[in-house]
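Bear in mind that the values in this text are calculations on the coordinates, not laboratory data. Quantities reported herein were computed from a predicted structural model and do not represent experimental measurements. Here the Cβ positions follow ideal geometry from the backbone for every residue, glycine too, while neighbour counts run over all protein chains shown.
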Amino acid sequence: MRNKLRILILFLIILISGKGYSANFPGNKELMLPADEDTSMVHAARNFKSICASCHREDFSWFAKRKWKYGKTQGDIYTSAKTGYPEFGMPSFKKRFSDQELKDLAKLIYTKLEFNIGENGIKDLDTRRIVTEKLNIRLDTVITGLSSPWGMVFLPGGDMLVNDRDGQMFRFRKGQKIAQIQGLPDIQVAGQGGLLDLRLHPNYKKNGWIYFSYSSCSVSKEVGWNTTLMRARLKKNTLVDKQVLFKALPETKVGYHLGGRITFDGKGHLFISVGERGNGDNAQTLTNDCGKIHRLNDDGTVPSDNPFVNQPDAKKSIWSYGQRNPQGLYYNTDTDILWEDEHGPKGGDELNIIQPGKNYGWPVISFGINYDGTILTKDTAKVGMEQPITYWVPSIAPSGLAFVKGNRYPGWEGNILVGSLRFMYLVRCEMEGKTVTHKEIMFPNIGRLRDIEMSPDGYIYISVEDPGIIFRLVPVP
Ligand code: HEC
């Protein structure tokens, strides 16, 4: 029994650890890892925060200001963490962390230093005036002190609610944290899971409904968890009238590909994305919720005109399938088109238009390859499977997705913004109808770009992770 457990743990470590090990398992499809190396870096950030930060500060400034004694390459940092310098007060972490965890910690620290990301975000970028192709942008730092701001909304009075993936929801007024929202459900914070997206009902002013997604266990941690949708109302910064509207099944302990984005169509429906949870077959099977976009009425019931309502065995909430890890979802109410972005494997990240009943092909067709470099599928197209509007090779690890609306950003109107977790920038896609005609990369190294929202007064807000910061984009002359 013990041994079995050990093997399982080892296998999980290998599964999560990625690159270094995958070469030992050529062509093994089980080893299709998260595109953005999200899980390992999230894990490393947690380890850093809980263990290293007590001596080295949370914001990496200890390292940034350091006259390095033992070298500052990834390898040097790894060695320092592994061996320690006990005589100088630096313990050895050889026993505390696995080799891969130490490597990931080294990578995290190295990346932070390379990109010069500090307490208040990027230091090598003059945020007062950033020249882009069409506009000069000032980046206002609106909110700091978070870890992974995954979802944000603007309340009618101007306050913001922000979901931190670590499992906390906060209320901000003019950038100041004025409350931590109480009454959240049990949230399973693990890997890419935690407290995820946040939306207000389109009629919020009248009905007060707040919708949010998170990962939860219906049985226990040992069995697993999956994406869950709840709605609730706010009463003095406490959630009341809580209703679970949707719970994706089956649950699994795999820590990644949870999807979790929510969007409303303004006609009484909402959509929620669920990732395939590391199992490609899920995405092609209609009897489970994973690897799908779901459509529900705003009270959680299934609309009678959903595409698979009459198909025996099918999950009736399914709107589309064949998705891998849909991290961006946006219903454009001007055109009645549902847009989605999702992570491919190594390469093959997609921007899609989602149509009812359609199959988006994962893992049968893809522009990506396996993490070990072997061919995943020779097919990039197949009859009965949809093609992306655009795709990215190598992977940018797309996240938040939004359209630019209003008139504050001349020249950007109708553009699609997509955040990149991996390359830490914002992509602006110029559109001609449903075609992307030009992509501009903006604000390189700003941080792992998670969420993009337009405020009611027409400004674009973006959130980045580790450290969690929310910026406002202000056009300047
Ligand atoms: C108990 C306090 C403490 C903790 C916890 C700690 N360190 Fe250190 N660390 C130190 C001290 C003190 C030094 C400086 C040692 C010296 O000057 O020789 C140091 C040095 C280092 C260095 C070498 C810096 C150089 O100049 O070359 C690295 C890298 C490092 N730590 C990484 C880590 C990592 C990663 C963690 C978490 C796994 C961690 N440390 C946890 C106290 C700590």
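For region 435-442, the Karplus equation 6.51 cos²θ - 1.76 cosθ + 1.60, evaluated at θ = phi - 60°, returns couplings of 10, 7, 9, 6, 10, 10, 8, 10 Hz by residue, with Gly and Pro reported as x.
Across the chain, the longest run free of exposed loop sites, meaning chymotrypsin sites (Phe, Trp or Tyr not before Pro) lying outside DSSP classes H, G, I, E and B with no more than 14 other Cβ atoms within 10 Å, spans 71-477.
Couplings 3J(HN,Hα) for region 240-251, derived from phi with the Karplus relation 6.51 cos²θ - 1.76 cosθ + 1.60 (θ = phi - 60°), are 10, 6, 6, 9, 7, 9, 7, 9, 6, 10, x, 8 Hz, where x marks Gly and Pro.
Percent of Cα pairs in region 295-336 per distance bin of 5 Å, from zero to the largest separation: 5, 19, 20, 24, 23, 7, 1.
Normalised by 2.2 N^0.38 Å, where N is the number of residues, the alpha-carbon radius of gyration of the chain equals 0.95. Hull volume per residue, based on the alpha-carbon atoms of region 166-208 and their convex hull, is 109 Å³.
For the chain, the mean residue ellipticity at 222 nm estimated from helices alone is -4000 deg cm²/dmol, where every DSSP H run of n ≥ 4 contributes -39500 (n - 2.57) and the total is divided by all residues, rounded to the nearest 500.
Give, rounded to the nearest 20 debye, the magnitude of the charge dipole that the chain has about its Cα centre when Lys and Arg contribute +1 at Cβ and Asp and Glu contribute -1 at Cβ.
Once rounded to the nearest 20, the dipole reads 1380 debye.
Please identify every one of the GluC sites (Glu not before Pro) in region 243-340 that sits in a loop by DSSP and has no more than 14 other beta carbons within 10 Å of its own beta carbon. Sites meeting the loop and neighbour criteria: none at all. Scanning the chain for DSSP H helices at least 30 Å long along the axis (C-alpha atoms) with a Kyte-Doolittle mean no lower than 1.0 picks out nothing. Model label points for ILE178 and ALA64, set 7 angstrom from Cα along the Cα-to-Cβ axis, are 3.0 nm apart.
Judged by the gyration tensor of its Cα atoms, with axes a ≥ b ≥ c, region 158-313 is oblate; a/c meets the 1.5 cut and b/c is at least as large as a/b. Shape analysis of region 437-477 places it in the oblate category; the axes a ≥ b ≥ c from the Cα gyration tensor give an a/c of at least 1.5, with a/b not above b/c.
Of ARG231, ARG96, the sequence from fewest to most neighbouring Cβ atoms within 10 angstrom is ARG96, ARG231.
Taking amide H as placed 1.01 Å from N in the peptide plane, the amide H of ASP451 sits under 5 Å from that of GLY400, SER463, each at least 5 places away or on another chain. The separation of region 405-445 from region 265-280, counted between C-alpha centres, amounts to 23 Å.
Measuring against 30 Å, Cα to Cα, the residue pairs LYS49/LYS235; LYS49/LYS253; LYS221/LYS439; LYS49/LYS72 contain LYS49/LYS235; LYS221/LYS439 as the ones spanning a longer distance. Each principal axis of region 278-424 carries a Cα extent, and these read 50, 43, 24 Å when sorted largest first. Each Cα pair under 8 Å and six or more residues apart adds its separation to the average, and for region 359-477 the resulting relative contact order is 17 percent.
Sorting GLU350, GLU133, GLU440, GLU87 by the number of Cβ atoms found within 10 Å of their own Cβ, with the fewest placed first, yields GLU87, GLU133, GLU440, GLU350.
In a shell of Cβ-Cβ distance under 11 Å around GLN182, excluding GLN182 itself, what net charge do Lys and Arg (+1) and Asp and Glu (-1) give? Net of charged neighbours comes to +3.
What number, in percent, do you get for the relative contact order of the chain if the mean sequence gap of Cα pairs under 8 Å and at least 6 apart is divided by its residue count?
Result for the chain is 13 percent.
With the alpha-carbon atoms of region 244-337 aligned to their principal axes, the span from lowest to highest coordinate is 36, 29, 24 Å, starting with the largest. Is the C-alpha gyration tensor of region 145-219 telling us rounded, prolate or oblate? Criteria: a/c under 1.5 is rounded; beyond that, a/b larger than b/c is prolate, otherwise oblate. Verdict is oblate for region 145-219.
For region 377-477, the list of trypsin sites (Lys or Arg not before Pro) that fall in a loop by DSSP and count at most 15 other C-beta atoms within 10 angstrom reads LYS378, LYS382, LYS434. Set Lys and Arg Cβ to +1 and Asp and Glu Cβ to -1, take the dipole of the chain about its Cα centre, and tell me which of SER92, GLY414, LEU239 lies farthest positive. In the chain, that residue is SER92.
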